[in-house]
1. Excluding residues on the same chain fewer than 8 positions from A:Lys155, give the aspartates and glutamates whose Cα lies under 15 Å from its Cα.
2. For chain A, which longest stretch is free of loop sites, where a loop site is one of the GluC sites (Glu not before Pro) that DSSP puts outside H, G, I, E and B and that has at most 16 other Cβ atoms within 10 Å?
3. Using alpha carbon centroids, what distance separates segment A:21-47 and segment A:262-327, in Å?
4. Among B:Ile60, B:Ile50, B:Ile78, whose mean-square fluctuation peaks in a Gaussian network model of chain B (Cα, cutoff 10 Å)?
5. Order these by the 10 Å Cβ neighbour count, fewest first: B:Cys6, A:Cys365.
6. Give the residue from A:Gln314, A:Thr223, A:Val22 lying farthest towards the positive end of the charge dipole for the protein assembly as shown; charges sit on Cβ (+1 for Lys and Arg, -1 for Asp and Glu) and the dipole is referred to the Cα centre.
7. With springs only between Cα atoms under 10 Å apart, run a GNM on chain A and tell me which of A:Ile349, A:Ile203, A:Ile243 wobbles the most.
8. Using a cut-off of 28 Å between alpha-carbon atoms, which lysines can reach A:Lys25, once sequence neighbours fewer than 8 places away in the same chain are excluded?
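Each reported figure results from applying straightforward, stated rules to the coordinates on display, with no laboratory input. Since this is a predicted model, take the numbers as computed values, not measurements. Please note: Cβ atoms are built from the backbone with ideal geometry, for glycine as well, and neighbour counts cover all protein chains shown.
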Amino acid sequence: MQKYSVFSLIKNAFKGHKDWEVAWKDPTPKSEYDVIIIGGGGHGLATAYYLAKEHNITKVAIIEKGWIGGGNVGRNTTIIRSNYMHDENGLFSEFGMDLWRNMSQDLNFNVMFSPRGIINLAHSDAQMNVYSRRGNSMRLNGIDAVLLNREEVRKIIPMADFSENVRFPIFGGLMQPSAGTARHDAVAWGYARQADSMGVDIIQNCEVTGFDVSNGKILGIRTSKGDIKAKKIGLCVAGSTNILAEKLNMTLPIETHLLQACVSEPIKPILDNVVTFGAGHFYCSQSDKGEMVMGGDLDGYNSYAQRGNLPTLQHVLTEGIAMFPFLSKLKMLRTWGGIMDMSMDGSPIIDKTHIDGLYLNCGWCYGGFKATPASGWTFAHTIAQDRPHKLNAGYSLNRFSTGHLIDEKGLGTKTWIS
Amino acid sequence: MLHIKCPHCGLRSQNEFSYGGDASVKRPELNKEVSDKDWDNFVYLRKSPIGKHLELWQHISGCRQWIKVERDTLTHEIFKTLKANEEV
């Protein structure tokens, strides 16, 4: 594989940029693989990369119905954080933060990781208490957390609404300084390029139409490009999990819902951090191009549409304007939607299944992007070793029936309001 | 925007309604032995199909009645709305 560096850039500039190697190949599927990963999104690509890198398993195929990175890894708001209270989520995400910090070097691909800090705003004394509890839990797990008072928040984001007569005054906030953003497409492309260079076949425009299961063991898949045998198969298909589960006669604690995001027209730099509104569901950051990147609530009903409706967008942006009044002056540049695999406790599932050789990675709700490296790393471990790593042991499929839920928000099973 | 025909009030905009999830889920019967598996099915497991989906909505800013809606989860087309006690 051609190494990307300033020298290769200069060298290729002299040749008019005509000799760059392709970043990944477009192979036809072989008849058999050691491992097939279904889903060429961030998690699937990362899984294949770590299977090759950490476990020396390179006879691997990624099967993608569309094109790689066309799903949620290309549709998110690029936020990376580990500000969780529960041990399972905190330790898993913080492990991921270490992978994020080294990702550009590790992949030889600039993923533009920008640890600019995230601030969750609090709008009451009670919320400050909740945040101080969460901050303390984070610090016990080695995650950086700083509780800010109103004046400290004002110094960082003076453009927020600090006037006296607002419905939700800013009391303070919880900040994770090491959180941030990254260039989402680069994450998918970086993992794809490295996985391809280590022998992984990335097969795009290939739909999985069925599974070959015999005596409780997985034997292979049926696809639009023919049958492919495999010893082990990993499902990494986020919002499409239930569609494939139905082909396996499995019913899962997952519902698929729609989430919208949007960006404004680009403006000069104003916001250095990621900021979330505490009296509703709204988050905002500014991209390197200057657009305000915004998102919030689910549309609120089961959907596979990948496009949203106006009422939710209106509701979310009303919250945004309550937090940052200047947003009302901006024009909307783009809105889009993606489909989320909402689990019944808001936490993911990375586990084996009752079918021998079939592994499941789903339930990321709307927090999948930040989890990309840790998800790929632990899923690769689970597949290679045929048992979960201790980092994902809590993310078991049977935790719902045994009562070991990881309900970070304490909302229960109403996936559409979480 | 979705337009939902409330069987009590007629066609109204989505803003007046709140969602209540899969309407095909049946609570295990009262006063009977319920296995853990049945509770698990009822509380946590959902088919979440692509295509036709029977679901509960509440006309919260209208007559406040719960209703059933048969809707396509891919196209958002609404085929049929029913009173809560009616079967498809």
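1. Within the straight-line limit of under 15 Å, A:Lys155 reaches these aspartates and glutamates: A:Asp272.
2. A:208-418
3. Cα centroid to Cα centroid, the span is 33 Å.
4. Highest fluctuation among the options: B:Ile50.
5. B:Cys6, A:Cys365
6. Highest projection toward the positive end goes to A:Val22.
7. Ranking A:Ile349, A:Ile203, A:Ile243 by mean-square fluctuation puts A:Ile243 first.
8. Straight-line reach from A:Lys25, under 28 Å: A:Lys3, A:Lys11, A:Lys15, A:Lys53, A:Lys59, A:Lys65, A:Lys225, A:Lys229, A:Lys231, A:Lys232, A:Lys370.
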